[in-house]
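Worksheet: one structure, shown below.
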Amino acid sequence: MADIIDIANDYAERHIEYSLAKHAARTKDENSAFYCVECNDAIPHRRRAAILGVKTCVDCQAKIERGL
């Protein structure tokens, strides 16, 4: 009989696999923007290649994540 820890670990593993699959499916078809949707500055090629589907520059993304 599985104990509560085993059940929790199985749930966590399924959740991680689901989240990774969902993210991969979402980003696979998205094209990265050449210009930031917030400030219209150019997004460097290295950022666009590293983060599929990126829409913001580093500075604007930092502001978004800080809630500004």
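Residues in segment 28-60 that are in a loop (DSSP other than H, G, I, E, B), surrounded by 14 or more Cβ atoms within 10 Å (Cβ to Cβ) and under 16 Å from the mean Cα position of the chain (by Cα): 32, 33, 51, 52, 53, 54, 55, 56, 57.
Is there a residue in segment 2-20 that is in a loop (DSSP other than H, G, I, E, B), of a type in the set (A, V, I, L, M, F, W, C) and either touching a helix residue (DSSP H, G or I) at 6+ places or on another chain (Cβ under 7 Å) or surrounded by 12 or more Cβ atoms within 10 Å (Cβ to Cβ) (or both)? Taking every residue of segment 2-20 in turn, none turns out to be in a loop (DSSP other than H, G, I, E, B), of a type in the set (A, V, I, L, M, F, W, C) and either touching a helix residue (DSSP H, G or I) at 6+ places or on another chain (Cβ under 7 Å) or surrounded by 12 or more Cβ atoms within 10 Å (Cβ to Cβ) (or both).
Bear in mind these aren't lab numbers, they're just calculated from the coordinates by the rules spelled out. Remember, predicted model here, so these are calculated numbers, not experimental data. Cβ sites come from the backbone with ideal geometry, for glycine too, and all protein chains shown count toward neighbours.
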